[in-house]
Amino acid sequence: MQPFELPDFYLPHPARLNPQVDAARAHAKGWATEMGMLALASEPNPPTSAIWDEPGFDSMDFALLTAYTHPDAPGRLLDLVTDWYVWAFYFDDVFLERYKRNSDTLGARAYLDRLPAFMPPHPVGEPTAAPPANPVEYGLADLWARTVPLMSADWLRRFTDSTWHLLQEARWELANISQRRVPNPIEYIENRRKVGGAVWSADLVELAAAAEVPAEAIATRTLRVLRDSFSDAVHLRNDILSYQRETEDEGEVNNCVLVVERFLESDPQTAANLVNDILTARLHQFETTVLTELPRVFEEQGLDPAARQRVLRYVQGLQDWQSGGHEWHLLSSRYMNQGSRRLPGLTSVIDLKAVRSHGYLPRRTTTFEMPELYMPFRPRLNPHVDEIRRQGKAWAMELGLLDPPSLAFGSGVWDERRFDAEDISLHAAFSQPDAPPPELELVNNWNLWRMYVDDLFAETFKQTRDLAGARTLVERLRSFMPVDTPVAPSPNNAAERGLADVWARTAPQLRREVRRGFRDHVMNFVAGNLWELHNIMQQRIPDPIDYIEMRRQTAGVDLSTSLTRFAQGAEIPTEVARSAPMRALANAFADLLGLHNDLFSYPKEVATEDGINNGVVVVQSFLRCDLDHAVAIVNDLLTSRLRQFEHIVAADLPALFDELDLDTTARRRVLRFVDLHRDSVAGNVAWSAETPRYRQPGRAVPPSGHRAGLQEVVHG
């Protein structure tokens, strides 16, 4: 019996079948046999490497998958893409049988470490480091040589990266299985994109549809949202339909239905329905983005008609993949597909009904009992706090951030009483307890500028819905951060003056590549305010995944992290910074800062702002639950992310140190970097609990329960 009844799936586009399906079937079977993946019934001595028999291969019908997901691909390209999917599923099944079932982490590492050698940047005439030794390596080498000449170098870089993630992130799944550790929902979604292969599939859509997206377009947030929302929907559908096989046969813990079931302590049916709701929300996100953002990308990037047509074919290809992938799941023997239904959907992405689901707007209540926050780190206060308070106030007054009456633009955002009460300089002193005075002053000035811009948007552009004015400000701010030359226009207002000043004091101390990256962090933070303004104007409460990812941007976390590393010389080795454990640590840290702020700022945002761009509101809207329930869930997310932070430090980083054979000095630098993150998390909570910035008039200081561990603050 199935563990739950399949939910009604939202599927807005009809599936179409490529007429070349039979030819692709015959080709795929021949290729899989040639590579040693498949044992034919007629073979007297089948290869020992083959883990598929002929009846099983036929019933899985991978050619049907590609014929449904690429209905317009010509026969030659359909054969090539079908071979890619045969290879990917074979890799997945081999990894399950030989490494996941046995929890063989060392064998898995050795197996995976060989595979990048078969993805050379110039495959024609370039020998691999070692000859292929098994069907996965034979298949990858063959496919790489057949694919790369068809596409550009830019596509190759992206496809190499997504293929690498498809392979290497299997180690994350294996580690969870070995430890019997069910990941938290945020961790799961971001890792599922990499290991699940849908981002990789989106790259293959460009190949099959002859729709390579121009580099200038693929780098935009709009195209990233289309790719990511597509990927999430593909993976969540797969998780629902593969739940029974994965949990009952494979011992799998990496399944979103199981993740939600454990996190919310619910039954499988409730969890499956919620996962389907997330799936539907991601499809709505895809459709909304196509309708409201894609035309602007065409204009802003200056794409010619041919380039625009390629992008539209790519979008159509992603839609075909959604519908075709669903159809194949209902027919393949790999999945739990009895009793599946789907909701009557739309016939075209341009049907405006697709974007009318903007979420449930919760009742505007601001009163709740602050939960006890899990905080294992002790906050410390920089002994130079009084010094930077004085300097910060003088700087804000000089640059016009602090209520300069002579300025028409931006005046009135901060007055002296509010500035003193909110004590933003205390935030820098809490989050940077060991920074020396010169560096602490610069960090504090950046922090004051960031919060000023945040308040400027909230109290000027968001209140008046002035999207044009907001865009003008954002576009001008970039010009005050020159990378190669100190030339910049004359500032017209406090936001521009403040940025020009802190950039001029920061940029000369950074290497060029670091300077460019730092500028990107600043612009991501500023542009995040435009995303919030768009949501307010549309009265659109973002779906949980969209919100978490954009919250990292609107909180200015990358900016804060870069400042911390700059202020205290905490540069870490490049190979460590790019590793999966450090990326996971950075994302967990970002979510801790953003979601902690959402709890503390909820009363202020709901009472005086529009109350849409807040994690508590997002949970209320998505689950249609009351405020206390939403607060409890956000707190559970915070706890799970903080425990994941601790797990990475305790288990994943030591393993990474050994894998990279880091010396003692390098290990100390990484651990120092981790300590800076601990200080920042603890300091952020300590300041948020103390400042009246997030309390409405008449609202008492939050209960003492959540302040456990904050009563005794030590000087760094």
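The values are calculated or read from the model by the stated rules, or taken from the named source; none is laboratory data. Nothing here was measured: the structure is a model prediction, and the numbers come from that model. Note: ideal-geometry Cβ built from the backbone for every residue, glycine included; neighbour counts use all protein chains shown. The area values use the complete protein model at the heavy-atom level, side chains included, leaving out ligands, DNA and RNA. Shrake-Rupley method; radii C 1.70, N 1.55, O 1.52, S 1.80 Å.
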Notebook entry, point to check: Where the only charges are on Cβ atoms (+1 Lys, Arg; -1 Asp, Glu), what is the dipole of the range 447-557 about its Cα centre, to the nearest 20 debye?
Noted result: 320
Note to self: Given contacts defined as C-alpha pairs under 8 Å and at least six residues apart, what's the relative contact order of the chain, whole-number percent?
What the structure shows: 15
Next item on the list: Report relative contact order for the range 161-298 in percent, whole number only (criteria: Cα-Cα under 8 Å, sequence separation at least 6).
Entry: 30
Check: What ratio of Cα Rg to 2.2 N^0.38 Å holds for the chain?
Finding: 0.99
Note to self: In the range 538-564, whose amide N lies under 12 Å from the spot 7 Å out along Cα-to-Cβ of T292? List them in ranges.
What the structure shows: 538-543
Check: Amide H of Y10: which non-local residues (sequence gap of 5 or more, or other chain) have their own amide H closer than 5 Å, using H built in the peptide plane?
Finding: L343
Item checked: Solvent-accessible heavy-atom area per residue, rounded to whole Å², over the range 577-643 at 1.4 Å -> 28
Next item on the list: Would you mind getting me the FRET efficiency between R180 and D415? Use the beta-carbon distance for r and R0 = 45 Å, nearest 0.05.
Entry: 0.20
Note to self: Taking amide H atoms as placed 1.01 Å from N in the peptide plane, list the residues 5 or more away in sequence, or in a different chain, whose amide H sits under 5 Å from that of H70.
What the structure shows: none
Next item on the list: Would you please calculate the Kirkwood hydrodynamic radius of the range 1-80 over all C-alpha pairs and express it in Å, rounded to one decimal?
Entry: 14.6
Next item on the list: Note down the magnitude of the dipole of the chain about its Cα centre, charges +1 on Lys and Arg C-beta and -1 on Asp and Glu C-beta and zero elsewhere, to the nearest 20 debye.
Entry: 1280
Next item on the list: Distance between Cα centroids, the range 501-516 to the range 529-560: provide it in whole Å.
Entry: 26
Notebook entry, point to check: What nm distance separates the two modelled labels at E216 and D154, each placed 7 Å from Cα along Cα→Cβ?
Noted result: 0.9
Notebook entry, point to check: In terms of Cα to Cα distance under 27 Å, which lysines are near enough to K29, apart from those fewer than 8 places away along the same chain?
Noted result: K100
Item checked: Interchain or long-range residues, amide H under 5 Å from L381's placed H -> V714, H715, G716
Next item on the list: Find how much the distance from L331 to D53 grows on full extension, using 0.36 nm per residue of separation minus their present alpha carbon separation; answer in nm with one decimal.
Entry: 98.2 nm
Notebook entry, point to check: Net charge near I648, counting Lys/Arg +1 and Asp/Glu -1 over other residues with Cβ under 11 Å of its Cβ?
Noted result: 0
Notebook entry, point to check: Counting each DSSP H run of 4 or more residues in the chain as -39500 (n - 2.57), what helix-only mean residue ellipticity at 222 nm follows after dividing by all residues, to the nearest 500 deg cm²/dmol?
Noted result: -20000 deg cm²/dmol
Check: Measuring from label point to label point, each 7 Å out along Cα→Cβ, what is the A145 to A655 span in nm?
Finding: 3.5
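Provide the net charge surrounding E659, with neighbours chosen by a C-beta distance below 12 Å and charges set as Lys +1, Arg +1, Asp -1, Glu -1.
-3
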Notebook entry, point to check: Taking the range 536-626, which GluC sites (Glu not before Pro) meet the DSSP loop condition and have no more than 10 other C-beta atoms within 10 Å?
Noted result: none
Checklist line | Distance in nm between pseudo-label sites at E372 and L623 (7 Å out along the Cβ direction from Cα) | finding: 2.0
Check: About the Cα centre of the range 537-686, what is the dipole size in debye to 20, counting +1 per Lys and Arg Cβ and -1 per Asp and Glu Cβ, all else neutral?
Finding: 240
Checklist line | Under 15 Å from the A133 label point (7 Å along Cα→beta-carbon), backbone N, the range 76-116 | finding: 106-116
